[in-house]
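**Student:** Can you keep this structure in mind? I'll have questions shortly.
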Amino acid sequence: REIVDEQELAEDEKIFALDLPKLKPDFAVMSRTAPLSTTPDRKWRTRDAFGELKANYKQSAAGARESTIPDILFQSADHARIHLAARPFLLYSIGVMMAGSVFSVGIFDRDGATLSPQHRLWELGTGKADEKGLRVFIRLIRSLTFLLSEVDIGQDPTVETVGDDENGSSLSRG
């Protein structure tokens, strides 16, 4: 019979795996600092924002309450959770949700989500472009891809990106 010493140190349990779930958003806004060889479906840390698409405007995030969470909002929150885990110095994650002819933006942080008002790209039935909604959409995409700084897209202002390591990942220091 083997005698077990209760004071002996044991190996730590594996409580956290470094592999992130294999979820992919429908589209991603890649970071301007990402290496050109980066493929968008591989690395969450190289994304500045993400997007989720649904075919019908009835699948939008409109009317979301704690008791009824539409699929598009649930999926976007899941993407944001992974995005925040992959980039620990992000204070929030930005998700664009498009359902048929409507779109909205979600700001997801560790406390919940804040949704923008919905805008239409075109009118139902007639298919006529909604000029105001198209202008907002163009400004949104232009801002996410060109105008906003790293701090504007959620980077903690108390840290700075210092470059890439040999694996192509950005390092941050605080």
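**Student:** Kindly indicate whether any position in segment 108-116 is closer than 20 Å to M30 by Cβ and either modelled with pLDDT under 85 or not in a loop (DSSP other than H, G, I, E, B) (or both).
**Tutor:** Checking segment 108-116: at least one residue is closer than 20 Å to M30 by Cβ and either modelled with pLDDT under 85 or not in a loop (DSSP other than H, G, I, E, B) (or both).
**Student:** So P40 passes all but one of these: (1) touching a helix residue (DSSP H, G or I) at 6+ places or on another chain (Cβ under 8 Å); (2) surrounded by fewer than 18 Cβ atoms within 10 Å (Cβ to Cβ); (3) modelled with pLDDT of 85 or more. Which condition number does it fail?
**Tutor:** Condition not satisfied by P40: (3).
This table checks each residue for (1) in contact with a His (Cβ under 6 Å, 6 or more places away or on another chain); (2) of a type in the set (G, A, S).
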position: I69; (1), (2): no, no
position: R87; (1), (2): no, no
position: S93; (1), (2): yes, yes
position: S101; (1), (2): no, yes
position: L124; (1), (2): no, no
position: K128; (1), (2): no, no
position: F137; (1), (2): no, no
position: I141; (1), (2): no, no
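**Student:** Would you check which residues across segment 62-103 are closer than 26 Å to P157 by Cα and over 12 Å from the mean Cα position of the chain (by Cα) and list them? If you could, list the steps in order and put the result at the bottom.
**Tutor:** Filtering segment 62-103 for residues closer than 26 Å to P157 by Cα gives 76-96.
Once the filter is applied, which keeps residues that are closer than 26 Å to P157 by Cα and over 12 Å from the mean Cα position of the chain (by Cα), segment 62-103 yields P88, F89.
**Student:** Checking the condition at pLDDT below 90, touching a strand residue (DSSP E or B) at 6+ places or on another chain (Cβ under 6 Å) and open to solvent by less than 30 Å² (accessible area, probe 1.4 Å), which residue from A99, A61 passes?
**Tutor:** Answer to the selection: A61.
**Student:** Got a number for residues in segment 132-160 being touching a residue at least 40 places away in the same chain (Cβ under 8 Å), under 19 Å from V29 (Cβ atoms) and more than 19 Å from the chain's Cα centre (by Cα)?
**Tutor:** 0
**Student:** Just need a number here: residues in segment 114-123 that are of a type in the set (A, V, I, L, M) and open to solvent by less than 60 Å² (accessible area, probe 1.4 Å).
**Tutor:** Final tally of qualifying residues: 1.
**Student:** Looking at (1) free of Cβ contacts under 8 Å to residues at least 24 places away in the same chain; (2) aliphatic (A, V, I, L, M); (3) farther than 18 Å from F27 by Cβ; (4) open to solvent by less than 40 Å² (accessible area, probe 1.4 Å), which one does A129 not meet, given that it meets all the others?
**Tutor:** (4)
The values are calculated or read from the model by the stated rules, or taken from the named source; none is laboratory data. These figures come from a predicted structure and were not determined experimentally. No Cβ is skipped: glycine too gets one built from the backbone with ideal geometry, and neighbour counts run over all protein chains shown. Keep in mind that these areas ignore ligands, DNA and RNA; they rest on the heavy atoms of the full protein, side chains included. Shrake-Rupley method; radii C 1.70, N 1.55, O 1.52, S 1.80 Å.
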